[in-house]
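One structure below.
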Amino acid sequence: MTSLTPDQPEPVFARPSEEEVERVICASLVSDTRGVYATMEQIRESAMRHNPLVGIHAALVYQSGWFVYWIEGSRGVVRELLERISLDSRHQAQYVVHRSSGRHMLMTPWSMMLSPSREGREAFGRRVIALSEQVGRGTPSPPTSIIRRLVMPMRLTKVLRSTDPDAYHRVVFCAATGDGAFSLVRWLSDQYGTPVESRRHAGTANLDSASAYVEFLHSGYPCRVIAVARSNLTHGLHRSLLQDWRFLVLLFSGDPKRDAALLERVHEAFQGMPSTPEVLVVSPDAPTQVLVDDVARTYGLACLEVGHLSELDSAAIWFAVRDRLDQIGAPRPSV
Ligand SMILES: Cc1cc2nc3c(=O)[nH]c(=O)nc-3n(C[C@H](O)[C@H](O)[C@H](O)COP(=O)(O)O)c2cc1C
């Protein structure tokens, strides 16, 4: 994937409402995995022609030779779209892995994610089949939990053995500018000796940006630390997942324009969300902190300052955030 357009804000298409929608997640085998991003761009073109007209919100993921697609909208329209998609020769076999109804959890008509995971088709397929066998049995897990379990399953054995697959800390870092969030994930990977997983994301236009994460145990609790690019915050898929983040740590740069732009993006991403993560602030100096406080106040954003640190000092940043993690103790159980 190449980045073709500058970092423009993703339009915020919809606020969640009390309107009840049908939510379906399916997985299918990709017919031709060569040039899959070009295929996804073609699908996006069709989706952007149709989805906004009929109130469909959708997200498409490619991973390990599989498509995973999450569709939300009114019952009849979702059924019609799934029938149309099932006839599409670009994939085969449609496994339903989630079905529920409730408020919109995807906020945009389109977002997509490409994963360079080296996991094979069969291993991924085993998760698809296990989840598809649970559909219709008991209370469904939220769609966000299904997406996480399918495309970014926790690898730590402590969680694998637990009955609650979502009970781990999710701490997300986002920098106003530069590589601070991604350097921190690489630094943690070196410290704990666990690998970095990366993903590419795109929204409704040509934008494409990265995220990366690493997992480890801290004080006996499983943690996932995720770095996201600023533009990712407002992509549909990420916006839906942010409800389950424990902390969103913002790394400010000292460049007033960039720093204000980051806060604006966070404000946009939080619009109408039923729950939002606690926002922690790392700024390089006191004047930057004053600016951040002022802008955050105008957006009604509550922020907790964790220190005046350089965005490139991964060790110091992690130690400051780790102190806050220690204060909260155990990860939240999934709802
Ligand atoms: C995995 C997958 C997901 C798709 N998602 C959508 C979608 O959300 N909306 C849509 O209109 N088409 C989607 N499509 C494309 C449809 O199958 C179909 O090609 C398209 O809607 C036809 O419209 P067009 O003739 O205007 O291009 C998807 C296709 C695949 C393979």
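Filter the range 294-320 down to the residues that are charged (D, E, K, R) and surrounded by 16 or more Cβ atoms within 10 Å (Cβ to Cβ), then identify the one that is nearest to residue 248 (Cα to Cα).
First, pick out the residues of the range 294-320 that are charged (D, E, K, R): 294, 297, 305, 311, 313.
So of that shortlist, the ones also surrounded by 16 or more Cβ atoms within 10 Å (Cβ to Cβ) come out as 311, 313.
Values: 311: 15, 313: 18 Å.
Per the criteria, the residue is 311.
List pairs: first in the range 41-68 and farther than 16 Å from residue 236 by Cβ, second among the charged types (D, E, K, R) and more than 8 Å from the ligand (Cβ to nearest atom), Cβ under 6 Å, 6+ apart or cross-chain? That search, which allows pairs on different chains as well, returns 64/119; 64/121; 65/121.
Out of curiosity, is residue 275 hydroxyl-bearing (Ser, Thr, Tyr), surrounded by 18 or more Cβ atoms within 10 Å (Cβ to Cβ) and assigned to a loop (DSSP other than H, G, I, E, B)? Let's see the steps before the verdict.
Numbers: hydroxyl-bearing (Ser, Thr, Tyr): yes; surrounded by 18 or more Cβ atoms within 10 Å (Cβ to Cβ): no; assigned to a loop (DSSP other than H, G, I, E, B): yes.
Against the criterion (hydroxyl-bearing (Ser, Thr, Tyr), surrounded by 18 or more Cβ atoms within 10 Å (Cβ to Cβ) and assigned to a loop (DSSP other than H, G, I, E, B)), residue 275 does not qualify.
Filtered by the rule that a residue be surrounded by 20 or more Cβ atoms within 10 Å (Cβ to Cβ), assigned to a helix (DSSP H, G or I) and not β-branched (Val, Ile, Thr), the range 128-176 gives 143, 148, 150. Taking the conditions (1) over 25 Å from residue 191 (Cβ atoms); (2) modelled with pLDDT of 95 or more; (3) of a type in the set (Gly, Ala, Ser) in turn, residue 253 satisfies each one other than (1). Residue 239 meets each of the listed conditions (1) modelled with pLDDT of 95 or more; (2) of a type in the set (Lys, Arg); (3) over 22 Å from residue 164 (Cβ atoms) apart from (1). Cβ-Cβ contacts under 9 Å between residues 6 or more apart (or on different chains), taken from a first residue in the range 294-322 that is over 14 Å from residue 278 (Cα atoms) to a second residue that is of a type in the set (Val, Ile, Thr) and outside any strand (DSSP E or B), are listed as 299/266; 307/317; 308/288; 309/317; 310/317; 311/177; 311/317; 314/185.
The values are calculated or read from the model by the stated rules, or taken from the named source; none is laboratory data. Being a predicted model, the structure only gives us computed values, none of them experimental. Backbone-built Cβ (ideal geometry, glycine too); neighbour counts: all protein chains shown.
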